[in-house]
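First comes the structure, then the notes that go with it.
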Amino acid sequence: MGLPRSRYVKEGEEGVYHCFSRCVRRAYLCGYDALTGRDFSHRKKWIVDRLRFLASIFAIDVCAYAIMENHPHTILRTRPDILASWSDHETAAHWVELCPQKSHIKRKAIPSLEEQI
């Protein structure tokens with residue numbers, strides 16, 4: 001049974017955590033799937049690159065990782081000392097780097113209240 005993150009992670013305290021996430025329904029994350037004959041080994045580089053990218057944005061250290069055929073394991077350390085040194089502007093810059101605004105999405109203009117009446 002899972003517990004809320006607040007039970008494990010204490011704000012302002014450094015912590016080391018073992019994180020993992022399993023695939024379901026015989027799905028393969030990486031490696032060779034004998035049932036379908038497909039090779040998913042190319043995904044390991046994607047996962048490692050994404051892990052490096054996310055570690056550069058968040059105030060965490062990746063102490064160790066292992067990418068298995070159907071699940072990844074990571075040992076992560078939170079760094080409240082780094083987080084405390086960030087200004088509001090730096091925090092916003094990290095957020096924009098993680099979630100850049102999509103310019104190719106066409107959005108309909110919301111009609112003003114006068115136009116709706």
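Residues of the range 91-117 that are at pLDDT 90 or above and either aromatic (Phe, Trp, Tyr) or farther than 30 Å from Val9 by Cα (or both): Trp95 alone.
Per-residue answers, yes or no, for (1) surrounded by fewer than 14 Cβ atoms within 10 Å (Cβ to Cβ); (2) more than 15 Å from Val9 (Cβ to Cβ); (3) in contact with a Phe, Trp or Tyr (Cβ under 8 Å, 6 or more places away or on another chain); (4) not hydrophobic (A, V, I, L, M, F, W, C):
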residue	(1), (2), (3), (4)
Ser56	yes, yes, no, yes
Ile60	no, no, no, no
Ala64	yes, yes, no, no
Thr74	no, no, yes, yes
Thr78	no, no, yes, yes
His89	yes, yes, no, yes
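Here's the yes/no breakdown for (1) farther than 20 Å from Val16 by Cα; (2) touching a helix residue (DSSP H, G or I) at 6+ places or on another chain (Cβ under 9 Å); (3) not β-branched (Val, Ile, Thr):
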| residue | (1), (2), (3) |
| --- | --- |
| Asp33 | yes, no, yes |
| Trp46 | yes, no, yes |
| Pro72 | no, yes, yes |
| Trp86 | yes, yes, yes |
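Remark: pairs (first residue in the range 29-45, on the phi < 0 side of the Ramachandran plot; second residue basic (Lys, Arg) and at pLDDT 85 or above; Cβ separation under 8 Å; 6+ apart in sequence or on different chains) = Leu29/Arg43; Cys30/Arg43; Cys30/Lys44; Tyr32/Arg38.
Against the list (1) surrounded by 10 or more Cβ atoms within 10 Å (Cβ to Cβ); (2) not in a loop (DSSP other than H, G, I, E, B), the condition Cys23 fails is (2).
Given the condition in contact (Cβ under 8 Å) with a residue 40 or more places away in the chain, within 17 Å of Leu76 (Cβ to Cβ) and surrounded by fewer than 10 Cβ atoms within 10 Å (Cβ to Cβ), answer yes or no: does some residue in the range 1-10 qualify? Break it down stepwise before answering.
Taking the range 1-10 first, the residues in contact (Cβ under 8 Å) with a residue 40 or more places away in the chain are 9.
Filter once more, keeping what is within 17 Å of Leu76 (Cβ to Cβ): 9.
If we keep only those that are surrounded by fewer than 10 Cβ atoms within 10 Å (Cβ to Cβ) too, we end up with none.
Looking through the range 1-10, none of the residues is in contact (Cβ under 8 Å) with a residue 40 or more places away in the chain, within 17 Å of Leu76 (Cβ to Cβ) and surrounded by fewer than 10 Cβ atoms within 10 Å (Cβ to Cβ).
When the range 11-28 is filtered for residues that are touching a residue at least 12 places away in the same chain (Cβ under 8 Å) and of a type in the set (Val, Ile, Thr), only Val16 remains. Restricting the range 28-37 to residues that are loosely packed, with under 11 Cβ neighbours inside 10 Å and small (Gly, Ala, Ser), which is nearest to Val9 (Cα to Cα)? Going through the qualifying residues, I end up with Ala34.
The values are calculated or read from the model by the stated rules, or taken from the named source; none is laboratory data. Only a predicted model underlies this, so the values are computations on that prediction, with no experimental measurement involved. Cβ: placed from backbone, ideal geometry, glycine included. Neighbour counts: every protein chain shown.
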